[in-house]
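The values are calculated or read from the model by the stated rules, or taken from the named source; none is laboratory data. Everything numeric in this text was worked out from a predicted model, so none of it was measured. Note that each Cβ is placed from the backbone with ideal geometry, even for glycine, and that neighbours are counted across all protein chains shown. Note: areas computed on protein heavy atoms with side chains; ligands, DNA, RNA excluded. Shrake-Rupley method; radii C 1.70, N 1.55, O 1.52, S 1.80 Å.
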Amino acid sequence: MAESHIITGLVAKRSELAGLAKHYQTEISRITGDLNHIDATIKLFSPEFDLRTVRTKEHRKRNQYFKSGECPRMTLDILRESSEALTSRQIAEDMLRRKGLEPSVERIDQLQKSALNVLKRLEDKGLVMQDTQKGISHTWKIV
């Protein structure tokens, strides 16, 4: 009898996940139908077109805290204004301060992931580079 609350919680969670699965299966069916219609239309206008050559575009979930292009600009501004190399966590904390957001572990973690993704893209473009290692984190600086 002591486990009844556990069973109730698990049943509720199962119900929630089953609902999500059904919702996404319906969404997948709708999108697949749309793809088939677009493929047929492409073939109608260009029968020789090889649809296998079309690359899929990766779907990225946008960060709710930044407008388009704002995160890379803010990251570069933070690095430019700093007299020393910074970790992604330090950059995330500065972003929170600049955005006027209340610091929380969840927000700092989310912004740190965003900052790290941006730093890697900026490194690929040759705009920033890893400087030194502080514990398990790397520091970053402007090139």
Q.
Output wanted: per-residue J couplings in Hz (rounded whole) for the range 76-93, from phi through Karplus 6.51 cos²θ - 1.76 cosθ + 1.60, θ = phi - 60°, x for Gly and Pro.
A. 5, 4, 4, 5, 5, 7, 8, 8, 9, 5, 10, 7, 5, 5, 5, 5, 4, 5
Q) What percentage of the solvent-accessible surface of the range 33-143, computed with a 1.4 Å probe over protein heavy atoms, is contributed by carbon and sulfur atoms? A) 52 percent
Q: Among Val54, Pro103, Ala115, flag the residue with its Cα farthest along the positive direction of the charge dipole of the range 20-143, charges on Cβ as +1 for Lys/Arg and -1 for Asp/Glu.
A: Pro103
**Q.** the chain: most fluctuating residue of Leu35, Leu76, Leu116 per GNM, C-alpha cutoff 10 Å
**A.** Leu35
Q: Using a 1.4 angstrom probe on the protein heavy atoms only, line up Met95, Met74, Met129 by accessible area, largest first.
A: Met129, Met74, Met95
Q) Hey, with R₀ at 30 Å, roughly what FRET efficiency would Thr132 and Arg98 work out to, going by the Cβ-Cβ distance, to 0.05? A) 0.75
Q | Computed P(r) (all Cα pairs; the range 55-94; 10 Å bins; percent) | A | 24, 45, 23, 8, 1
Q | Cross-link pairs beyond the 26 Å C-alpha cut-off, checked among Lys61/Lys120; Lys13/Lys99; Lys43/Lys125; Lys43/Lys67; Lys22/Lys113 | A | Lys13/Lys99; Lys43/Lys125; Lys43/Lys67; Lys22/Lys113
Q. What shape does the range 1-82 have by the C-alpha gyration tensor, where a ≥ b ≥ c are the square roots of the eigenvalues, rounded means a/c under 1.5, and otherwise prolate means a/b greater than b/c and oblate the rest?
A. oblate
Q) Thr87's amide H: which non-local residues (gap 5+, or another chain) put their own amide H closer than 5 Å, with H modeled 1.01 Å from N in plane and none for Pro or chain starts? A) Trp140
Q. Where the only charges are on Cβ atoms (+1 Lys, Arg; -1 Asp, Glu), what is the dipole of the range 9-143 about its Cα centre, to the nearest 20 debye?
A. 180 debye
Q.
How much accessible area per residue does the range 11-111 have, counting only protein heavy atoms and a probe of 1.4 Å, in square angstrom?
A. 81 Å²
Q) Which one is right for this structure if volume of the Cα convex hull per residue in Å³ is calculated from it: [x] 103; [y] 215; [z] 242? A) [y]
Q.
For the range 70-143, what does the relative contact order come out to in percent, with C-alpha contacts under 8 Å and a separation of six or more?
A. 37 percent
Q: Determine the equivalent ellipsoid of the range 79-143 by diagonalising the alpha-carbon gyration tensor, then write out the semi-axes as square roots of 5 times the eigenvalues, largest first, rounded to whole Å.
A: 20, 12, 12
Q) At a Förster distance of 22 Å, what's the computed FRET efficiency of Ile31 paired with Thr53, Cβ-Cβ distance as r, to 0.05? A) 0.65
